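Have a look at the structure below before the remarks.
The values are calculated or read from the model by the stated rules, or taken from the named source; none is laboratory data. These figures come from a predicted structure and were not determined experimentally. Every residue, glycine as well, gets a Cβ built from its backbone with ideal geometry; the counts of neighbours run over all protein chains shown.
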Amino acid sequence: MKSVKIYNRFERFWHWMQAALIIFLAMTGLEIHGSFTFFGYEQAVRYHSTAAVFLMILIVFAIFWHFTTGNWKQYLPTFENLRAQIDFYLTGIFRGAAHPVKRDVLSKLNPIQRLVYLGLKILVIPIMVSSGLLYMYYRYPQREGMVGIGIFELKSVAVLHTLGAYILIAFIITHLYLITTGQTVGSNLKAMITGWEDIEDDDDKVYNPKTTEIEVKADETTTN
Amino acid sequence: MKNNRFNPLGVPIFIGAMLVIAVVGQLITQQRESDSLERLKIQYAKPHQVAVDHQKLPELQVNFKAPQDVTRACVSCHTERHKELLNSSHWKWAREVYIPGRGVTIVGKKNMINNFCIGIGSNEVSCTRCHAGYGWEDASFDFKNWENIDCLVCHDNSGQYLKSRGGAGYPDSQTDLRLAAQSVALPTRDNCGSCHFYSGGGNNVKHGDLEEAILTADRNVDVHMAFDGGNLECIACHEAENHRMLGKLYSVSSMNRNRMNCEKCHGDFPHSQNILNEHTIKVACQTCHIPEFAKVNATKMYWDWSQAGKLKDGKAYSEEDEDGNDIYLSIKGAFKWEKHVKPEYVWFNGTADHYFLGDKVDKTKTVKMNSLNGDYRDRDAKIIPVKVHRSKQIYDCCNKTIIQPKLYAEEKGRGGYWKDFDWNIAAKLGMEAVNEAYSGKYCFVKTEMSWPVNHMVSPKEGALTCTECHTRTGSRLASLTDFYLPGRDSNRFVEIIGKILLILSVIGVLIHALMRIIASKKGGAQS
């Protein structure tokens, strides 16, 4: 085993800030949606709008970070090992099989993560941000008489925003669970807090496409 | 290397950053008092300076015999004012308007009917008690004779000028005209209220938001006119230029012009919070700031003319509720009164249509005596609060028209329903007076009439809160379904998809976790 710094300081800040903001936006958003009462409607609207602005600022920084550091490449989809990753979650995990994809600084995400996160980044988040902005500002073009860009009804904007919210909440539920499927139940969480993760030196392991198993060549147990 | 692995300061820094953001977020949305309100307070705190003391004028040191003598005395100095009056709504009770589908037409109390005491045709002697004139007894009244203008009903400040019941606008014989003439000044709440509070035959019958309680209101009743509030007179808002008053009521108006509105003083964006200002694009001020009408005394909500005519020992009688409101009158029928009424809400763009005498209407449907136009997509339309007065009133079943009956007569045997209790004769005489046909067969039809609620504004603490409208159930705007209202509306399809998605996520996670636990126990595999 070796300790590797997977997540640097900005990445962790971005992740936790984004997590807090999205959970807060989900709570306030559902209250605005009429699902429950907690903050009070007026406060919920105010908090939701404020948190949305902060999330957008954070997204701008994150985009900058992704492109300047080259980390955007983490989300390039790959179909290599996708099947193995699916098989791991469906069967391998119950047998205690090792993760099929090596994780390191250059490739933090497994093939499923790549696809899902890419989907979030290029589809769900843009939809939420743009529908959210229209939600906040849709009245102005109509008031100023700019009919060309005027949206006459909130309905389509609101319904799309709600759909996106449900998808994000479903993502959070599964994401929170999948955190526990690392090397140990707590290792992924620990990595996202401290930045460091113990990664197996897996020169000794080889993925066998036929059996879709990771085979350990040398019978060697490592403890840390 | 090991020492640099994890900086324990990171967690407090992170929490600190979150707190700073929360505080900043709170600060940038802090409320502040709007400047325009301060300006208005200063502006209206200036007392009016009287330029002329009418007590000192020799023209008014006269024991006037007839009220027209007073008018002549007024015009002897104010030499052109009577011409303004002859063109005013208070005199003409009619306006020339354009209504789509009807063209240019005349609308006013002179020719429109309502679902209270119905209309003035054949009842002028009683109704014109509130006319700013003398002697309008029937359709032959001369609207060009300025000597019959009643200056005093609006300008008397002696407090003892009273028009007599059934007197066609003439003052009571006990009135001291000399005292009244010497007291004249700008119209006060008492002047305006002497008619506008008592329309429909009693206090607060018609409007629901204009009644004598305004004279003694505190801020909670009427923030503008309260003695401990703005203490404004009616004319502070309803300014007049050349005797044309600003503002009108859509029971007898049709066009989007000469309207009084809150924005005139308060501006288009009076709130410190932008999200509230955005509401003003589609929501009228009154909608949130007048959460209820009939705040002090009850107003009439339902009038069933078909119950009229019941007699006890051959005599008319009345029944009252515990507050002293008539709930039954032999001459008028049965009533329902309500206090602290939540308004109904409609889209309104400032134009209205009306039931015109002679319009044929379907008896099986509720007839709208006035219909306020507008919908969500109408850029001029806003949501306004209305008092809807519902009624059952007399209708010609063969001609399919609403009947103008003769109600008032000085004595029995003249065909007035209030004396003779004979609908057939009352209908015949009434319809004759307005030149409409009557088949001889009458029945009763359901009608409704919308009265925009504009007065008795609550202080801002009393304004509606968000969830009065933005709520799934019991929204005040439940009946306005032509737009998406956050908190009230949702898309059924998206709700089902979304909920299935969440349920499947939770179930999937639980099953997977359970299988892992079982597997780890069985095989002792690493968790």
Some residue of region B:384-397 being touching a residue at least 24 places away in the same chain (Cβ under 8 Å), in a loop (DSSP other than H, G, I, E, B), of a type outside the set (S, T, Y) and touching a Gly at 6+ places or on another chain (Cβ under 9 Å): no
Residue count for region B:93-147, restricted to those that are out of contact with any Leu (no Cβ under 8 Å at 6 or more places or on another chain), in contact (Cβ under 8 Å) with a residue 40 or more places away in the chain, of a type in the set (D, E, K, R) and over 16 Å from B:L357 (Cβ atoms): 4
Residue match in region B:339-351 (condition: in contact with a Phe, Trp or Tyr (Cβ under 7 Å, 6 or more places away or on another chain) and at positive phi): no
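Name the single residue that is surrounded by the most Cβ atoms within 10 Å (Cβ to Cβ) among those in region A:155-174 being of a type outside the set (V, I, T) and within 7 Å of chain B (Cβ to nearest Cβ).
Step one: list which residues in region A:155-174 are of a type outside the set (V, I, T), which gives A:155-156, A:158, A:160-161, A:163-166, A:168, A:170-171.
The next check asks that each one be within 7 Å of chain B (Cβ to nearest Cβ); those that pass are A:155, A:158, A:163, A:166, A:170.
On the way: A:K155: 14, A:A158: 23, A:L163: 21, A:Y166: 20, A:A170: 19.
Here the residue is A:A158.
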Residue match in region B:418-433 (condition: of a type in the set (V, I, T) and within 24 Å of B:S371 (Cα to Cα)): no
Lone unmet requirement of (1) hydrophobic (A, V, I, L, M, F, W, C); (2) more than 30 Å from B:E80 (Cβ to Cβ); (3) surrounded by 20 or more Cβ atoms within 10 Å (Cβ to Cβ); (4) more than 14 Å from chain A (Cβ to nearest Cβ) for B:F356: (3)
B:T465, sole failed condition from (1) under 30 Å from A:Y177 (Cβ atoms); (2) at the interface with another protein chain (Cβ under 8 Å from one of its Cβ atoms); (3) within 40 Å of the chain's Cα centre (by Cα): (1)
Residue among A:T69, A:T50 that is out of contact with any His (no Cβ under 9 Å at 6 or more places or on another chain), surrounded by 13 or more Cβ atoms within 10 Å (Cβ to Cβ) and more than 14 Å from chain B (Cβ to nearest Cβ): A:T69
Test: residue in region B:244-261 that is in contact with a Cys (Cβ under 8 Å, 6 or more places away or on another chain) and not in a loop (DSSP other than H, G, I, E, B): no
Any chance A:Q43 is over 17 Å from A:L168 (Cβ atoms) and either among the acidic types (D, E) or away from every other protein chain (no Cβ under 12 Å) (or both): no
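Please count how many residues of region B:476-487 are without any contact (Cβ under 8 Å) to a residue 40 or more places away in the chain and more than 7 Å from chain A (Cβ to nearest Cβ).
Initially, region B:476-487 is screened for residues without any contact (Cβ under 8 Å) to a residue 40 or more places away in the chain, giving B:478, B:481, B:484-487.
Checking the rest, the ones that are also more than 7 Å from chain A (Cβ to nearest Cβ) come to B:478, B:481, B:485.
Summing the residues that are without any contact (Cβ under 8 Å) to a residue 40 or more places away in the chain and more than 7 Å from chain A (Cβ to nearest Cβ) in region B:476-487 gives 3.
Residues A:I22, A:I32: which one is within 30 Å of B:T471 (Cβ to Cβ), out of contact with any His (no Cβ under 9 Å at 6 or more places or on another chain) and β-branched (V, I, T)? Can you show your working first?
Numbers: A:I32 fails: out of contact with any His (no Cβ under 9 Å at 6 or more places or on another chain).
Result of the check over A:I22, A:I32: A:I22.
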Members of region A:76-96 found to be under 21 Å from B:R516 (Cα atoms) and either aromatic (F, W, Y) or buried (at least 19 other Cβ atoms within 10 Å of the Cβ) (or both), listed by number: A:A84, A:Q85, A:F88, A:Y89, A:G92, A:I93, A:F94
Of residues in region A:72-96 being aliphatic (A, V, I, L, M) and away from chain B (no Cβ under 14 Å), the one farthest from A:G29 (Cα to Cα): A:A84
Evaluation of A:Y7 against (1) more than 12 Å from every other protein chain (Cβ to nearest Cβ); (2) surrounded by 17 or more Cβ atoms within 10 Å (Cβ to Cβ); (3) not in a helix (DSSP H, G or I) (one fails), failing number: (1)
Some residue of region B:253-265 being in contact with a strand residue (DSSP E or B) (Cβ under 7 Å, 6 or more places away or on another chain), crowded, with 18+ Cβ neighbours inside 10 Å and under 30 Å from B:H82 (Cβ atoms): yes
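Answer yes or no: is there a residue in region A:22-37 that is more than 9 Å from chain B (Cβ to nearest Cβ), among the β-branched types (V, I, T) and surrounded by 18 or more Cβ atoms within 10 Å (Cβ to Cβ). Give the derivation first.
At the first step, the residues of region A:22-37 found to be more than 9 Å from chain B (Cβ to nearest Cβ) are A:22-30, A:36.
Within this subset, residues satisfying the condition of being among the β-branched types (V, I, T) are A:22-23, A:28.
In the following step, the residues that additionally are surrounded by 18 or more Cβ atoms within 10 Å (Cβ to Cβ) were identified as A:22, A:28.
Within region A:22-37 (the criterion being more than 9 Å from chain B (Cβ to nearest Cβ), among the β-branched types (V, I, T) and surrounded by 18 or more Cβ atoms within 10 Å (Cβ to Cβ)), the answer is yes, since at least one residue qualifies.
Can you find even one residue in region A:103-116 that is within 14 Å of chain B (Cβ to nearest Cβ), of a type outside the set (A, V, I, L, M) and either buried (at least 16 other Cβ atoms within 10 Å of the Cβ) or in a helix (DSSP H, G or I) (or both)? Spell out the reasoning first.
Residues of region A:103-116 within 14 Å of chain B (Cβ to nearest Cβ): A:112, A:116.
So of that shortlist, the ones also of a type outside the set (A, V, I, L, M) come out as none.
Within region A:103-116 (the criterion being within 14 Å of chain B (Cβ to nearest Cβ), of a type outside the set (A, V, I, L, M) and either buried (at least 16 other Cβ atoms within 10 Å of the Cβ) or in a helix (DSSP H, G or I) (or both)), the answer is no, since none of the residues qualifies.
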Which listed residue is part of a strand (DSSP E or B) and either crowded, with 19+ Cβ neighbours inside 10 Å or of a type in the set (G, A, S) (or both), from B:Y345, B:Y328: B:Y345
Selected residue (only one of B:E468, B:E411 is modelled with pLDDT of 95 or more and surrounded by fewer than 18 Cβ atoms within 10 Å (Cβ to Cβ)): B:E468
Total residues in region B:189-216, condition of a type in the set (G, A, S), modelled with pLDDT of 95 or more and assigned to a loop (DSSP other than H, G, I, E, B): 1
